[in-house]
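Inspection log for the structure reproduced underneath, given as structure tokens.
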Amino acid sequence: MTMTDTFAIELIDIDKRFGAVHANNKVCLQVKQGNIHGIVGENGAGKSTLMSILYGFYQADAGQIKVLGQSHTFTDSHQAIAAGIGMVHQHFMLVENFTVLENVILGSEGGALLANGMAAARKELTRLADVYGLKVDLDATIDSLPVGLQQRVEILKALYKGAKILILDEPTGVLTPQETEELFRIFDALKQQGVTIMLITHKLREIISVTDQVSVMRAGQMVAHRDTCDTSREELAKLMVGRKVLLQVNKKAANVRAPLMKVKRLCVADDQGVMRLNDVSFELRAGEVLGVAGVSGNGQTQLLEALSGIINMTSGSVEVLGFTMDAKNPITPDKMRQIGLAHVPEDRHRMGLITHFSASESALLGYHTDPKINSGIWLNKNRVEDNCKALMSAFDVRPADPHLKSANFSGGNQQKLILAREMERNPDVLLIGQPTRGVDIGAIEFIHQRIIDMRDAGKAVLLVSVELDEIMSVSDRIIVLCDGQITGRIDASDADEKTLGMMMANALDPIDPLKTMDDQLASTQQASAQENQV
Amino acid sequence: MSDVFLTVLLTLDATFRVSTPLIIAAMAGLFAERAGVVDIGLEGKMLAAAFAAASVSAVVGSPWAGLGVAMLVSCGLAMLHGFATITHRGDQVVSGIAINILVAGLSVILGLAWFHQGGLTPALDNDSRFLSITLPFVDQLAFIPVLGPLYKELISGHNILVYLAFAIVPIVWWVVYRTRFGLRLRAVGENPTAVDTAGLSVVKLRYKALLIGGVLCGIAGTYIAIAHNAQFTRDMTAGQGYIALAALIFGKWRPLTVMLACLLFGFLDALAVRLQGVALPGIGEIPVQVIEATPYLLTVILLAGFIGRATPPKASGIAYVKER
Amino acid sequence: MNRDTRIAWINRLLLPLLNIITAFAVTAVVFWLIDVNPIEAAQVLLYGAFGYEEGIGYTIYYATNFIFTGLAVAVAFHAGLFNIGGEGQAYLGGLGAGLAILLLDPSLSAWVFIPASIIGALFFGGLWALIPAYLQAYRGSHIVITTIMFNFLAASLMVYIMVHVLRETGQMTPQSELFPTNAWMPFVHDVAAGFGYSIEASPLNMSVLLALVCAVLVWFFLWHTRWGYAIRATGKNGSAAVYSGIKPKRIIIVAMCISGALAGLVSVNELVGYQHRLIMDFHLGYGFGGIAVALMGRKHPIGIIMAAVLFGILYQGGAELAFEMSNISRDIVVVMQGLVILFCGALEYMYRPWLIRTLAPVKQAAASQEVATEVGA
């Protein structure tokens, strides 16, 4: 058996349920040693569950795991680590007030006392850093490091524990394109040293540019395996969603009128005093959708929350619907609603609704003081229910039961309930964050259409989304946020992914990692597809 | 002059005696909270230990047997706390309160049924207690000014558990900051998911931390019942578990500063006793209640951020759930 | 019955019931440990609580205290706050009620005295909760720790005031002088006599009516007003509440003040209704008992009234038990409270996984069918 024929990982008929959800349904996967193997799928397709099973974090209900030809049953991560598997989680697993060194040795300290183990670890880490180009200050505390370096610590941690197979779960979600490029360079170094890499992502571009093989998951099942050189983004996208994606939204030309919101030199600092929004200025006009693009975590959350009055700004001013808000004169979220500004929050579970409440009570969130629902001091239950029923029928929320607990609706229906609540009162300005996150395809089209309807009715819509396709198809104008600053402004008709990508990276100079990727893409597209059905 | 000196010495001596259970209990709380488990139940565990120590010692006649059983009982309660909050992810504060109330009732009920003395345990003779130890050379060194009396009144003449308390603190420091267990303990209180993904068991680590806390509360309770006193009386811990908790916060969850906080609170207690009915020149008589209330007041003020900030371990109070 | 309905039944009925049964079962073990026949004990207990009119009076009298503190803890719970300070707030409420009466002209009528004492109790109880609430809302200190500290501060403060300020002249016992009879909350047996019914005398007084009114008001407030909505929204999801324009700081203050004020009313029952003077430690155990009552009553006024009556039975029956059997004292109630807090609070969900597995298992076939159709679409 030659090197290339040995499988680093073999998963056979892995099955896992969480209650009624069948997260992994007889999943099979073979990963060749020394390769970079991509696994793609939509949110909730079961990728992360599968990797957590491989890493011993969850136990499969059925199925077999083989690592380097040997059968294993992992009941905890320790056994997976011992078998040579390392994992870099989407949310870093680091103790923030520990140093890099302390974080790396946690779990493999080399003896009951720290002193000796620490010294040995320091030596070994210096060596690893040299071999793989993973430079980082071992005595810095994690909370003082930027995200890109924290990820490096995670990779170092895995390598220090002897990982021969490295799983990375959505590693680029929080990175700028430069950091992403740096990460891919590290991949190359790892590959040369014989490390097998499994890359979990929903970004097809990355898959095409760095992987050797790719497997596609959909609704808990593994639906296809391809050699990367034999496939294309279009094909993978089709496999992921199961039908042709129609991301073109039907819309007529915008009829833009006077600005309803003027944001001037807006700055927002967080609790630690870090500037999350820096000198942001723009106008939002009636009859347009203004898209806000950017890698998540670049100030979008702060923008939405500052504009809706949830958090206070540090400096600057916002004129909205005839009112002016600045650091000294905040406008509270309830006042904002009264003057005609509605806000669909990015995270529906954290802010959008109260999962313990019935649908009718969640449909009241933000409007519980409305005189139409109160009779004197009494919150009128009948009117609360009628309100909810009206919203449910307007946005086709299913099941249309106001008594059902909010948690028991599907993601798409929860989102529709929130959109109904915020849109049915006809606000003049609508702030909307990640409207289609975790929402099924059918609902996505519906939601996009409603946003366009609002704009056509002469309202102003600010759309924040990390999905570039969504931004490009729904918006009329686009601004790009990077590190809390506006790094690009462009009409949607002139925008393409390449330009937006450059703006998102704040890299207006011609060194463009994405460009080279596209060249690669063009050359691989001629190759014909070859099905590898499970 | 020498009278004042002696008074100061005796007050400090009393401070050591009063601080001892606080220090041991606060160290118990330190292990629990550093591991991410809030331990309101220090009071209950100490009370249970006090009852167990006094009962066993009264029956068997050996303070060491009392100590052993006290530690077992206290560990049992710690495991109950773990079962509720770690295994079943129940509310840590509710569980702690439950233990405190349960023990407050049970110690009296069992005492009454077993000893028929209205809820007290029999008074102990000296053989069944931990007695003061006179350190060597006390009399030989007595002639040295200042240091002689200091050695005699302050350092010598305590029971073994007092010395143990002061020995425990550096050991705790060493364990927390210099050992593998300590590293994992601190990690599990800050970010249990990181510990889990490192292949370590969050559950086991937290149980271990509670177990150590149980042993320590056992010692603290024993001290109160059969070293500092000579029998168990109803509610004899009288809020010392809560004071230890306050000291733990006041000392910002660090062993040495926590010990200093315990000594400060102990000193205030000793001072309250000494100042009872004494008129101070220029001030008059300070009401005992004012001094008694000071530890609580100080903790409230510290927690409110008026004198520095007390930031607890990030994961304390939150049950660990593997996210889906 | 489909699976969701079954789970709802498990959560709402079966689980609370099993928890209470467990608490009782463990209490029975304690009885067995101290050589008392639990069935015999239960008989004595029930006789003490219900066997004669005076006993019933005492039972309801004790239950009144538990309704107040149970409601107090529950209101805070709904705002996501754990108020352990019921003890201190009840104690300070006594100071408020006492001062209101002692500072007024003794010749005034009951129509002035009783409302004044109620307002005094509400105000002082609320005030003692306001400070921890303020510190939590605006200074970020943890309410659990602060309210614990405030229990001790209340104890010290009250000792000082009772000894140095309010002590009846010429008396050693730290207690205030007797309230004027006009200021006494009428006894139920006196009121009944006014209507021509003859009931044995007991400490039961009209405060029980106040407690029931409070229960109704709390229910109406929490579930049928916008303020109650805001409190529950904050308790369930703080960020969503902020998003909706609710100001959590204000909610913390409001909920804690209501909570403290309710706890303060214990003193109306104890002092204005029965002791008729300000005494030491009248409040002991009711604040903590309120936690057990609120948890057992599932934080709902109806449940709280039922749980309060149960603890009233135990309190009064426990006294009978101590009288009849030498091996036992009334502290058995404290044991019971501890067990209720343990099983209905900390171990609330202990049986849940098991119940769901046995009574509402996931139907494997149906679930895989669903996924299959989804994928096939």
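Before moving on, here are some points about what is shown:
- Taking a straight line from the alpha carbon of B:K252, these aspartates and glutamates sit under 18 Å away, with near neighbours fewer than eight places off in the same chain left out: A:E96, B:E33, B:D39, B:E190.
- When +1 charges are put on Lys and Arg Cβ atoms and -1 charges on Asp and Glu Cβ atoms, the dipole computed for the protein assembly as shown relative to its Cα centre reaches about 980 debye.
- Peptide-level mean, for A:108-121, of C-beta atoms on other protein chains within 10 Å: 2
- Ordered from highest to lowest accessible area with the whole protein assembly present and a 1.4 Å probe, A:V100, C:V112 read as C:V112, A:V100.
- Normalised by the number of residues in segment A:132-243, the average gap of Cα pairs under 8 Å and 6 or more apart makes the relative contact order 21 percent.
- Per the Cα gyration tensor, segment B:3-240 maps to an equivalent ellipsoid with semi-axes of 33, 25, 13 Å, ordered largest to smallest.
- For A:G488, the residues whose modelled amide H falls within less than 5 Å of its own, excluding neighbours fewer than 5 places apart on the same chain, are A:V480.
- Each label point was placed 7 Å from the Cα along the Cα-to-Cβ direction; for A:Q485 and B:I286 their separation is 5.8 nm.
- Segment C:305-336 and segment C:1-59 have their alpha-carbon centroids 12 Å apart.
- Under the Debye formula (equal points on every Cα, no solvent term), log10 I(q)/I(0) of the protein assembly as shown at q = 0.04, 0.07, 0.10 Å⁻¹: -0.27, -0.82, -1.46
- Peptide C:134-145 shows a mean partner chain C-beta count of 5 within 10 Å per residue C-beta.
- Length-normalised contact order for segment A:352-426 - Cα pairs under 8 Å, 6+ apart - percent: 39 percent
- A Förster distance of 45 Å, applied to the separation of the beta-carbon atoms of C:V165 and B:D3, puts the FRET efficiency at 0.85.
- Taking all protein chains together and a 1.4 Å probe, the residues B:F115, C:F123, B:F143, B:F265 rank B:F143, C:F123, B:F115, B:F265 from largest to smallest accessible area.
- Taking amide H as placed 1.01 Å from N in the peptide plane, A:S465 has its amide H under 5 Å from the amide H of A:V292, A:Q434, each at least 5 places away in sequence or on another chain.
- Look at the stretch B:205-217: the mean tally of other chain Cβ atoms within 10 Å of its residues' Cβ atoms is 0.
- Dipole check for segment A:3-241: with +1 at the C-beta of Lys and Arg, -1 at the C-beta of Asp and Glu, and the Cα centre as origin, the magnitude is about 340 Debye.
- Using the Cβ-Cβ distance between A:K123 and B:Y177 with R0 = 30 Å, the FRET efficiency computed as 1/(1 + (r/R0)^6) comes to roughly 0.85.
- Violating pairs (Cα-Cα greater than 22 angstrom) within the set A:K26/A:K66; A:K405/C:K236; A:K135/A:K498; A:K47/B:K314; A:K252/A:K389; A:K66/A:K123: A:K135/A:K498; A:K47/B:K314; A:K252/A:K389; A:K66/A:K123
- Globularity ratio of chain C, using Cα Rg and 2.2 N^0.38 Å: 1.10
- Considering segment A:16-130, its Cα convex hull presents a mean projected area of 9.6 nm².
- Pairs of Cα atoms nearer than 8 Å and 6+ residues apart set the relative contact order; for chain C it is 34 percent.
- Principal-axis tilt of helix B:288-303 within chain B, Cα atoms, nearest 10 degrees: 30 degrees
- Apportionment of accessible area to carbon and sulfur, segment A:352-426, percent (1.4 Å): 51 percent
- log₁₀ of I(q)/I(0) at q = 0.05, 0.11 Å⁻¹ - chain A, Debye sum with one point per alpha carbon: -0.23, -1.09
- By the helix-only formula, in which each DSSP H run with n ≥ 4 contributes -39500 (n - 2.57) and the sum is divided by residues, the protein assembly as shown has a 222 nm mean residue ellipticity of -16500 deg cm²/dmol.
- Convex hull volume of the C-alpha atoms in segment A:3-241, normalised per residue: 126 Å³.
- For segment A:446-509, Kirkwood radius (reciprocal of mean inverse C-alpha pair distance, Å): 12.4 Å
- Overall form of segment B:189-283: oblate. Here a/c, set by the Cα gyration tensor axes a ≥ b ≥ c, is 1.5 or more, and a/b is not larger than b/c.
- Heavy-atom accessible area order for A:R425, A:R17, largest first, 1.4 Å probe: A:R425, A:R17
- Unit Cα scatterers, Debye sum, segment A:352-426: log10 I(q)/I(0) for q = 0.13, 0.14, 0.27 Å⁻¹: -0.32, -0.37, -1.32
- Computed with every protein chain present, the accessible area of A:K264 is close to 90 Å² [probe 1.4 Å].
- Against chain B, whose longest principal axis comes from its Cα atoms, helix B:63-82 is set at around 30 degrees.
- Spatially, segment B:32-94 and segment B:266-324 are offset by 24 Å when compared through their Cα centroids.
- FRET E, pair C:E324, A:K203, Förster distance 51 Å, beta-carbon r, rounded to 0.05: 0.10
- Helix B:202-222 vs. chain B, principal-axis angle (Cα, 0 to 90°, nearest 10): 20 degrees
The values are calculated or read from the model by the stated rules, or taken from the named source; none is laboratory data. As the structure is a prediction and not an experimental result, all values here were calculated from the model. When we count neighbours, we look across all protein chains shown, and the Cβ atoms used for this are built from the backbone with ideal geometry, even at glycine. What goes into the accessible areas is simple: the full protein's heavy atoms, side chains included, and nothing from ligands, DNA or RNA. Shrake-Rupley method; radii C 1.70, N 1.55, O 1.52, S 1.80 Å.
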